[in-house]
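What follows is one structure encoded as structure tokens, with my remarks underneath.
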Amino acid sequence: MDSWCWKGSCLQTECVTMQRRIGEIVAEMEVPLHCRTEFSTQGEEQLRMQGSTDYFLSSGDKIRFFFEKGVFDNKGNFLVPPEKAINKIAHALHAYDPVFKRVTHSPKMQALVRSLGLQKPVVVQSMYIFKQPHIGGEASSHQDATFLYTEPLGRVLGVWIALEDATLENGCLWFIPGSHTSGVERRMVRAPAGSVTGLNFLGSEPARDDSLFVPTPVQRGALILIHGEVVHKSEANLSDRSRHAYTFHLMEASGTTWSPENWLQPTAELPFPPLYT
């Protein structure tokens with residue numbers, strides 16, 4: 001299975017609760033000038049924006065704010081209202097915010113993951129993605145295992161919840177069916193100490209035919225399961241409607257080694273928490 005979509009309405013209440021809570025978090029947001037990091041998924045630009053800042057590299061056990069390109073002036077001041085500038089909030093909402101922790105570990109989520117046969121799933125990261133109107137950047141084609149690599153492969157699962165309708169116009173997900181069987185040709189790894197940037201890429205992303213991608217528009221409340229090796233992307237949002245989503249990644253911990261080269265590592269403060277409670 002490369003991806004799977006649950007198009008029920010049983011998550012509608014959680015959608016309202018999560019959006020309300022994220023509004024409160026954004027209203028209380030304080031990000032010092034030196035921590036105002038733009039987020040990108042574009043190769044070398046990604047290394048420059050995230051790999052050169054400890055704000056990103058140490059965010060695995062924290063709740064931090066990342067912004068769209070072009071929303072700051074040359075002094076780091078906002079050019080648009082801060083609540084319209086955010087790309088995502090990441091990477092430990094599931095651990096430290098009670099609303100997102102409750103949704104992530106809810107009985108219905110546990111039951112779903114149990115039905116897939118996962119024995120010891122742990123939560124490795126979480127993100128609230130805004131996909132802002134007009135400026136929401138594209139997520140270029142990628143595999144989650146590029147960033148969250150395990151041995152053996154096939155042990156990472158993404159859970160993606162649409163908090164608003166995801167359409168062709170505002171940046172729904174696109175997948176290449178069957179691409180989860182082709183292995184991983186590119187990895188993002190932590191660079192050795194003393195390197196100019198904190199991250200490097202091993203290998204390269206192969207050229208992919210756009211005609212192979214299949215769009216997956218879904219309504220608010222839908223849940224999409226994403227295999228760690230399936231190739232997927234989302235286009236820039238040029239519409240006047242946002243595309244909010246909450247997503248988190250699980251790893252089957254039984255018989256699995258989390259790569260020590262991954263940018264994201266469990267810490268003493270936050271070991272990867274078990275999904276089942």
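For this structure, a couple of remarks:
- Verdict on Glu83 being modelled with pLDDT under 95 and under 18 Å from the mean Cα position of the chain (by Cα): no
- Pairing each residue of the range 147-165 that is on the phi > 0 side of the Ramachandran plot with any residue that is part of a loop (DSSP other than H, G, I, E, B) and buried (at least 23 other Cβ atoms within 10 Å of the Cβ), provided the two are 6+ apart or on different chains, yields C-beta distances under 8 Å for Gly154/Gly228.
- Residue check, Val99 touching a residue at least 24 places away in the same chain (Cβ under 8 Å) and over 19 Å from Arg20 (Cα atoms): no
- Qualifying positions in the range 72-93 - open to solvent by 10 Å² or more (accessible area, probe 1.4 Å), part of a helix (DSSP H, G or I) and of a type outside the set (D, E, K, R): Pro82
- With a requirement of 3 or more residues that are at pLDDT 90 or above and more than 21 Å from Trp263 (Cα to Cα), the helices (runs of 4 or more DSSP H) lying completely within the range 1-71 that satisfy it span 12-27.
- Screening the range 215-264 for strands (runs of 3 or more DSSP E) wholly inside it with 3 or more residues that are modelled with pLDDT of 95 or more, open to solvent by less than 10 Å² (accessible area, probe 1.4 Å) and in contact with a strand residue (DSSP E or B) (Cβ under 9 Å, 6 or more places away or on another chain) returns the ranges 223-227, 245-252.
- Candidate set: the range 189-244, residues that are among the acidic types (Asp, Glu) and within 21 Å of the chain's Cα centre (by Cα); chosen: the one farthest from Tyr128 (Cα to Cα): Glu205
- Unique residue being touching a His at 6+ places or on another chain (Cβ under 6 Å) and closer than 26 Å to Gly137 by Cα when the list is Val230, Val218, Val214: Val230
- Residue count for the range 176-214, restricted to those that are farther than 30 Å from Gln12 by Cβ, outside any loop (DSSP other than H, G, I, E, B) and among the hydrophobic types (A, V, I, L, M, F, W, C): 6
- Among the residues examined, Ser115 does not qualify as over 26 Å from Ser182 (Cβ atoms) and open to solvent by less than 20 Å² (accessible area, probe 1.4 Å).
- Taken together, the residues in the range 156-186 that are open to solvent by 40 Å² or more (accessible area, probe 1.4 Å) and under 27 Å from Phe272 (Cα atoms) amount to 3.
- Failed item in (1) out of contact with any helix residue (DSSP H, G or I) (no Cβ under 8 Å at 6 or more places or on another chain); (2) open to solvent by 30 Å² or more (accessible area, probe 1.4 Å), with Ile63 passing the rest: (1)
- Checking each residue in the range 96-134 for being in a helix (DSSP H, G or I) and out of contact with any Phe, Trp or Tyr (no Cβ under 9 Å at 6 or more places or on another chain) picks out Tyr96, Pro98, Val99, Lys101, Arg102, Pro107, Lys108, Met109, Ala111, Ser115.
- Filtering Lys120, Lys131 for residues that are surrounded by fewer than 23 Cβ atoms within 10 Å (Cβ to Cβ), basic (Lys, Arg) and in contact with a strand residue (DSSP E or B) (Cβ under 8 Å, 6 or more places away or on another chain) leaves a single hit, Lys120.
- Residues (more than 23 Å from Ser254 (Cα to Cα), open to solvent by less than 40 Å² (accessible area, probe 1.4 Å) and either among the charged types (D, E, K, R) or touching a Gly at 6+ places or on another chain (Cβ under 9 Å) (or both)) located in the range 138-150: Ala139, Ser140
- Filter result for Leu153 (open to solvent by 40 Å² or more (accessible area, probe 1.4 Å), of a type in the set (A, V, I, L, M) and either at pLDDT 95 or above or assigned to a strand (DSSP E or B) (or both)): yes
- Taking each residue of the range 114-132 that is without any contact (Cβ under 8 Å) to a residue 12 or more places away in the chain and looking for partners that are assigned to a strand (DSSP E or B) with beta-carbon atoms closer than 9 Å, six or more apart or interchain, yields Gly117/Glu252.
The values are calculated or read from the model by the stated rules, or taken from the named source; none is laboratory data. As the structure is a computational prediction, the values presented were derived from the model and not from experiment. For neighbour counting, all protein chains shown are included, and Cβ atoms are generated from backbone atoms with ideal geometry for every residue, glycine included. These accessible areas exclude ligands, DNA and RNA; they are computed on the full protein's heavy atoms, side chains included. Shrake-Rupley method; radii C 1.70, N 1.55, O 1.52, S 1.80 Å.
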